[in-house]
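Report on one structure; see the data block that follows.
Only the coordinates and a few stated rules stand behind these numbers; no lab work does. Note that the coordinates shown come from a computational prediction; the quantities given were computed from them, not determined experimentally. Note that each Cβ is placed from the backbone with ideal geometry, even for glycine, and that neighbours are counted across all protein chains shown.
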Amino acid sequence: MSELPLVGWLQFVLGCGAVEWAGQQIMRREGYKAGDLLGASYWVDDSDEGWRDYQTKELQNGRLAMLAIAGIAVQDLVKPGTYGDAVFGPFRS
């Protein structure tokens, strides 16, 4: 905490607070749908089965990416500095 001055902490807290406040104001809008912070649901017909399938695929890809990042973090904790060896190891001289 001593490395960041008080003004830096104040900027951080006020910036995060502004983002949270804006999110709360957006959620109070008429016709708000969960996850739609920019109002794009107005132009998207989400009653279509293809759209729901696309959303499910995106959600699954995001979950897979989170697992991959967690795997990289665990591998780096077990053997620090070696998380890229499985992919890039054969190309090293």
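Is it true that residue 44 is loosely packed, with under 10 Cβ neighbours inside 10 Å, over 15 Å from the mean Cα position of the chain (by Cα), at negative phi and of a type in the set (A, V, I, L, M, F, W, C)? Write out each step before concluding.
Values: loosely packed, with under 10 Cβ neighbours inside 10 Å: no; over 15 Å from the mean Cα position of the chain (by Cα): yes; at negative phi: yes; of a type in the set (A, V, I, L, M, F, W, C): yes.
The answer is no for residue 44.
With respect to residue 35, is the statement that it is in contact with a helix residue (DSSP H, G or I) (Cβ under 8 Å, 6 or more places away or on another chain) and on the phi > 0 side of the Ramachandran plot true?
Numbers: in contact with a helix residue (DSSP H, G or I) (Cβ under 8 Å, 6 or more places away or on another chain): no; on the phi > 0 side of the Ramachandran plot: yes.
No.
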_The conditions are (1) exposed (fewer than 10 other Cβ atoms within 10 Å of the Cβ); (2) in a helix (DSSP H, G or I); (3) within 19 Å of the chain's Cα centre (by Cα), and residue 38 fails exactly one of them. Which is it?_
(2)
